[in-house]
Structure formats: structure tokens, C-alpha cells
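The values are calculated or read from the model by the stated rules, or taken from the named source; none is laboratory data. Only a predicted model underlies this, so the values are computations on that prediction, with no experimental measurement involved. Methodologically, a virtual Cβ is constructed for each residue, glycine included, from the backbone with ideal geometry; neighbour enumeration extends over all protein chains shown. All accessible areas refer to the heavy atoms of the entire protein, side chains included, with ligands and DNA or RNA removed. Shrake-Rupley method; radii C 1.70, N 1.55, O 1.52, S 1.80 Å.
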Amino acid sequence: MAGPGGEGSAAEAEPEAAPPPMPGLQLVQQGAEARLYRGLFLGRPTVMKLRFPKRYRHPALEERLGRKRTAQEARSLLRCRRAGISAPVVYFVDYTVNCIYLEDIVGSVTVRDHIISVQKSGKDVSSLITVVEKIGEVLARMHDEDLIHGDLTTSNMLLRPPAEKLELVLIDFGLSFISALPEDKGVDLYVLEKAFLSTHPNTEALFEALLKKYSVASKKSAPVIKKLDEVRLRGRKRSMVG
């Protein structure tokens, strides 16, 4: 399964990786909050996400926070799947060390890499309209379930093989939470917009197509888009002030 291994600033990541928590696991990525290992769990291709303790936090706080985030990530993945949103299967959760064993989406490609590949090929970016419309549709369904991802980027979205089938898989719910507030959903979209346009320059039309599909697909889109506009305005004011 492609994608980042944890939330937060990479500058705060632990300097050295510990030995694999289980024989046969290979470290594939380390983020600021967690390490990703790949291997087999009960004979199935698996990605194991292990949260490691941060030394600057009080041990009691770290234990509560780590368990809370691990539990919320597992619940969010299950909530997605119950709503018909494609997300990795949760095989096992170990709260003693705060790790989750997840389905490895073998052969998948991140939406980030897919878009960059199309851009480098010289093809018209309009060929990506169906991809961004799929994203808008899936995010509308997620927000209608009152699930906030918290870290939406094109690196946290996978396309199952073959990519042409456009089966979108959402990953990395480590900062997710439940909220019915349009403000929280608007911020979720704003985070994606900033990440999308910075990672994929000159794609404003694509993101507008994503939002248009979101607006049509979501039953609660009107107040969310209104809040998104307000959040954009606040962001511009902060940029002007410096």
C-alpha cells in the first residue's frame, strides 16, 4: 500500500528505526508519528502501521494519545467500509503497542503519482477529469457520514490496479475524527485544495471539477462549500498579514 506513514512534521520523526516488531516485516516508510512495515499477516499481504512514543510528551499523555489515535483510525476505516467507501481492510489492532495491521493494496499507485505521470506524458490534463470527479464523489460520501479525514492529500489516495478502473482507496486516517460541522468539512476540503494545487501546479480547473462533483454528490454540500469559501478568505488574509 502506497502512501505516507504518519502525521505531523517529518522533522520531529524519531532518528532511528527500531527492529521490526514481528519477524518477516520490512520497514518501508517512517513518518513523524508512525512507521510503516510491509509483510505477511496470517498469510495475507499486509501493511503494519506502528505508532512510536514521542519523547517530548509525558508518558501518561503519550499512552492515552497513542491509544486514542490508533482506535480512531481503526474506527474510521471501518466506518468507511460500512458506507461503501473503499479503504484497507483492518486485520488486527494491537493496543498494547498501538499498531494496526492493514490490507496491503498490492500494485496500487497513489493519485499523486498518477496525476504526475499523466502530466509528464504530455497528455491534456482534461483526461484527469474522471479521476478528480471520482475523488469528489468519494469525499462527498465520506463527509455525508460525518467523517473528517484530517490529512487529505493525493498521496493519501490510492488507485487499485488497473488504475484505469478508477477504484479509489482512502488511506492514512491517523488524524481523522467525527464531526457534523460544515466548518470541519470545509477545512478538510481546504487542506486538500492547498495540497492539491501545490503538488500539481496549474490544475485549478481540475480542482474546480472535483468540487463541482462533490457539490452534486453530497446531500450536505451547500453549507460546506460556503464554509470552504470562508476558510479560503481567512487563509488569504493570513497570507497578506504574513
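Is it true that some residue in the stretch 103-114 is closer than 23 Å to LEU139 by Cα, of a type in the set (S, T, N, Q) and part of a helix (DSSP H, G or I)? Among the residues of the stretch 103-114, not one is closer than 23 Å to LEU139 by Cα, of a type in the set (S, T, N, Q) and part of a helix (DSSP H, G or I), which makes the answer no.
Is there a residue being in a helix (DSSP H, G or I), in contact with a Pro (Cβ under 8 Å, 6 or more places away or on another chain), open to solvent by 40 Å² or more (accessible area, probe 1.4 Å) and over 26 Å from VAL89 (Cβ atoms) anywhere in the stretch 211-223? Within the stretch 211-223, one or more residues are in a helix (DSSP H, G or I), in contact with a Pro (Cβ under 8 Å, 6 or more places away or on another chain), open to solvent by 40 Å² or more (accessible area, probe 1.4 Å) and over 26 Å from VAL89 (Cβ atoms). If only residues of the stretch 20-69 that are in a loop (DSSP other than H, G, I, E, B) and among the charged types (D, E, K, R) are counted, the one that is nearest to GLY174 (Cα to Cα) is GLU33.
Of all the numbered requirements in (1) without any contact (Cβ under 8 Å) to a residue 12 or more places away in the chain; (2) buried (at least 16 other Cβ atoms within 10 Å of the Cβ), LYS54 misses one, and that requirement is (1).
Looking across the stretch 178-204, not a single residue is buried (at least 19 other Cβ atoms within 10 Å of the Cβ), outside any helix (DSSP H, G or I) and among the hydrophobic types (A, V, I, L, M, F, W, C). Within the set VAL169, VAL125, VAL138, VAL132, the sole residue that is crowded, with 19+ Cβ neighbours inside 10 Å and over 21 Å from ARG79 (Cβ atoms) turns out to be VAL132.
Answer yes if at least one residue in the stretch 149-160 is out of contact with any Ser or Thr (no Cβ under 9 Å at 6 or more places or on another chain) and open to solvent by 60 Å² or more (accessible area, probe 1.4 Å), and no otherwise.
no
Looking at this structure, is PRO161 without any contact (Cβ under 8 Å) to a residue 40 or more places away in the chain and over 19 Å from ARG234 (Cβ atoms)? Considered against the rule, which asks whether it is without any contact (Cβ under 8 Å) to a residue 40 or more places away in the chain and over 19 Å from ARG234 (Cβ atoms), PRO161 comes out as no. When residues of the stretch 90-118 are filtered for being more than 21 Å from GLU133 (Cα to Cα), modelled with pLDDT of 95 or more, in contact with a helix residue (DSSP H, G or I) (Cβ under 9 Å, 6 or more places away or on another chain) and open to solvent by 40 Å² or more (accessible area, probe 1.4 Å), how many remain? Of the residues in that region, 0 qualify.
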